[in-house]
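The values are calculated or read from the model by the stated rules, or taken from the named source; none is laboratory data. Keep in mind the model is a prediction, meaning the values are calculated, not measured. Here Cβ is always computed from backbone atoms with ideal geometry, including for glycine, and neighbour counts include all displayed protein chains.
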Amino acid sequence: MAKFAKKRSNTSPTISTASLPDIIFILLFFFMVVVKLRETNIKVKSITPTATELTKLEKKSLVNTMYIGRPLTQYQNVYGTKPRLQLNDKIADLAEIPIFLERHKVKVPEVQRQGITTSLKIDGDVTMGFVTDVKTSLRKAGQLKLNYSAKKRTERSGF
Amino acid sequence: MGKSRPSPEINASSMADIAFLLLIFFLVTTNIVEDKGVLVRLPQWSEEPPEDLTLNTRNVFTVLVNGQDQLLVRGEPVKVQELKQKTKEFIMNPAQRPDLAESSKEAIISLKNDRATHFKQYLTVYNELKAAYSELWNEQASKRFRKETIDECTKEQQAEIKRDIPFVISEAEPTAFGDEK
C-alpha cells in the first residue's frame, strides 16, 4: 500500500548555488590571515634563487629586510642598471646601513638583540662584487647573522 | 484577514560578486611572506688582515668560482652537481687518502668568488657545501644515535656531532678578474 506517492518534478534538479558566497568568504578569510599587506614598495627586481638548505625565520620582530637587485625599468633612468640596495621604501647607499640597523635595533628589547637576523632578498642576477660590499658593511656594523632569502628547491627539479 | 504578505527579502545574489571583488583585491595587494632562507654567520670584522695560518694544504678544500660561474675545486674544473659528493668525500676521507683531510675535525673549506660571479651561482655553491655538512651530520645521527636527522637528536648529541664535524667555511675577498656588470 503506497501511502506516499512519489512526487515527480518536471524539471531536472538544479545545483543550489546558495552557499557560493560562503565558500568565497572562507577563501577570503584564509587570505586575510595568511598574507601580510605588502608594506614596502619594492623598487628593485628581486627574484631570489632556489636552495635546499632553508631555515625558517621564526620571530618576525627580530628580522630586518634588505632588498638587493637591479632597479626596475621605470626607475632605471634615475638609479641606473647596476645592482642597488633598497632599505624600507627607498634606494639607499651602503653608508645608510648602520642607521637602518640601529633604528630596527631600538625597537627590540635588550635581551633579544642577539637574535636579530638580517634577511637579504637578493636577485639571482646580481654580481657578487656588490653583495660582498654589502656584507662588509654589515660586518663593520656588527650584524653577523644573515639569511639569504630563497625559495625551496625540491630534489628533483634540478639546478 | 488573510495571511500577511511575506516581507520582501533582500536579494543576496550580489553577495558573491562583492566577495569575489574583495578576494581579488587581497590577491593583488598582498604577497605570501617569503621568510625562508639559507642561514649564514659572518665572521667578526677586524681592521687587521687575517693572520697567515700555516695550514696543512691537505686539510684545505679550495672552491673557486669565476666570473662565468664556473667552479674550480682544488685546481680541477667541477660541475656544481658534483660538488656535494666531492666535499663529503674530502671531509670524511673514508679511504684515508693522503691528499684529503686528515680528519673531519681539521677539514676547512675555502670559498672564493669573483666580483662578477652571479649571486644565483654563489648561493647554489654555498647551498651545496651546507648540504654536504647537513648530510654528513644526519649520517652520524643515524649511525651513533639511530635517529633519522640531526634535528631529532638532543642538544648534547648535536653538539657532539658538530664537534667532530665542525662547519668551517672560510670566505675570501673576491677577485676582480671578471666583468662586473
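Side notes on the structure shown:
- Contact map, region A:90-103: first residue more than 16 Å from A:I68 (Cβ to Cβ), second residue not β-branched (V, I, T), Cβ cut-off under 7 Å, separation 6 or more or different chains; pairs are A:P98/A:A141.
- Residues satisfying the stated conditions in region B:86-124, i.e. touching a residue at least 60 places away in the same chain (Cβ under 8 Å), within 18 Å of A:F130 (Cα to Cα) and assigned to a helix (DSSP H, G or I): B:L123
- So A:T65, is it closer than 30 Å to B:I150 by Cα, in contact with a Leu (Cβ under 9 Å, 6 or more places away or on another chain) and touching a residue at least 24 places away in the same chain (Cβ under 8 Å): yes
- Scoring B:S142 on the criteria (1) without any contact (Cβ under 8 Å) to a residue 12 or more places away in the chain; (2) facing chain A (nearest Cβ under 10 Å) leaves a single failure, condition (2).
- Any hit, region A:101-112, residues being modelled with pLDDT under 90 and within 14 Å of chain B (Cβ to nearest Cβ): no
- Which listed residue is modelled with pLDDT of 90 or more, surrounded by fewer than 17 Cβ atoms within 10 Å (Cβ to Cβ) and more than 14 Å from chain A (Cβ to nearest Cβ), from B:T54, B:T62: B:T62
- Criterion: touching a helix residue (DSSP H, G or I) at 6+ places or on another chain (Cβ under 9 Å), surrounded by 14 or more Cβ atoms within 10 Å (Cβ to Cβ) and either more than 8 Å from chain B (Cβ to nearest Cβ) or on the phi < 0 side of the Ramachandran plot (or both) - qualifying residue of A:T65, A:T50: A:T50
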